[in-house]
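Here the structure comes first, spelled out in structure tokens, and everything after it is commentary.
The values are calculated or read from the model by the stated rules, or taken from the named source; none is laboratory data. All values reported here derive from a predicted model rather than from experimental measurement. Cβ: placed from backbone, ideal geometry, glycine included. Neighbour counts: every protein chain shown.
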């Protein structure tokens with residue numbers, strides 16, 4: 001391979017690892033944003049920012065394609081001295097350059113694989129298994145926890161995350177006994193043999209920070225398989241020891257909603 005061909009290949013590789021991958025990711029982000037599926041990965045409040053950043057990135061990538069291949073490496077001055085120094089490089093320097101090249105190629109292959117997966121694989125919500133694995137990692141403190149502690153919250157607006165905060169932190173559980181609820185989530189195994197957990201993932205910014213919120217429900221564990229989405233209408237009840245649970249009056253199996261998370 002001639003020196004000119006080798007230089008052109010390196011320039012093409014650098015451009016692909018830079019603006020090429022960035023352009024593909026920008027297109028994927030815009031596509032998900034326009035179809036309303038970007039909320040499978042980030043909170044709705046962040047969608048506009050992600051789409052704006054993707055648009056700017058795509059515009060920059062298109063502009064960069066107007067530059068000749070290899071132009072980004074041309075600084076407008078002679079590299080003769082550097083070439084002379086390179087010819088005198090020690091074996092140790094050559095080995096470091098070889099390792100750097102191998103690392104760059106490996107990173108490029110991995111990055112290309114990730115981007116290809118984003119193009120090929122359909123958008124999907126986080127798995128039930130992941131939600132169960134994250135249960136109990138942190139104290140259930142979600143949106144609304146501050147108003148719960150002050151006792152001024154309107155529980156009619158609560159989701160599973162808000163109620164999980166109440167169940168975990170309320171000191172006067174009798175105050176919530178008798179509260180009516182209508183909640184949507186998926187079924188996961190309960191701690192005992194006489195109930196299940198109504199579960200939902202709660203995210204703040206994106207799926208990376210997703211936390212699992214669970215509420216104990218008096219439902220026969222054999223009635224619904226793990227991962228089945230349900231809509232539960234019922235009443236919050238306090239046990240004799242003060243622990244809260246949901247006593248359902250109606251349970252309806254449903255398909256996974258378009259937006260499977262709470263925020």
> Is it the case that residue 162 is exposed (fewer than 15 other Cβ atoms within 10 Å of the Cβ) and at pLDDT 90 or above?
Replying inline: no
> Of the residues in region 17-68, how many are outside any helix (DSSP H, G or I), free of Cβ contacts under 8 Å to residues at least 40 places away in the same chain and closer than 28 Å to residue 260 by Cα?
Replying inline: 1
> Can you name the number of the only condition in (1) out of contact with any helix residue (DSSP H, G or I) (no Cβ under 9 Å at 6 or more places or on another chain); (2) under 18 Å from residue 161 (Cβ atoms) that residue 203 fails?
Replying inline: (1)
> Which one of 161, 185, 178 is assigned to a loop (DSSP other than H, G, I, E, B) and either within 17 Å of residue 230 (Cβ to Cβ) or in contact with a strand residue (DSSP E or B) (Cβ under 7 Å, 6 or more places away or on another chain) (or both)?
Replying inline: 178
>> Criterion first (under 30 Å from residue 31 (Cβ atoms) and either at pLDDT 65 or above or surrounded by fewer than 21 Cβ atoms within 10 Å (Cβ to Cβ) (or both)) does residue 183 satisfy it?
In response: no
>> Tally up the residues in region 196-209 that are in a loop (DSSP other than H, G, I, E, B) and surrounded by 19 or more Cβ atoms within 10 Å (Cβ to Cβ), please.
In response: 1
> Restricting attention to region 251-260, and to residues there that are surrounded by 10 or more Cβ atoms within 10 Å (Cβ to Cβ) and free of Cβ contacts under 8 Å to residues at least 60 places away in the same chain, which single residue is nearest to residue 219 (Cα to Cα)?
Replying inline: 251
> Does region 229-245 hold any residues that are in contact (Cβ under 8 Å) with a residue 24 or more places away in the chain and either more than 20 Å from residue 261 (Cα to Cα) or surrounded by fewer than 18 Cβ atoms within 10 Å (Cβ to Cβ) (or both), and which are they?
Replying inline: 231, 233, 234, 235, 236, 237, 238, 242, 243, 244, 245
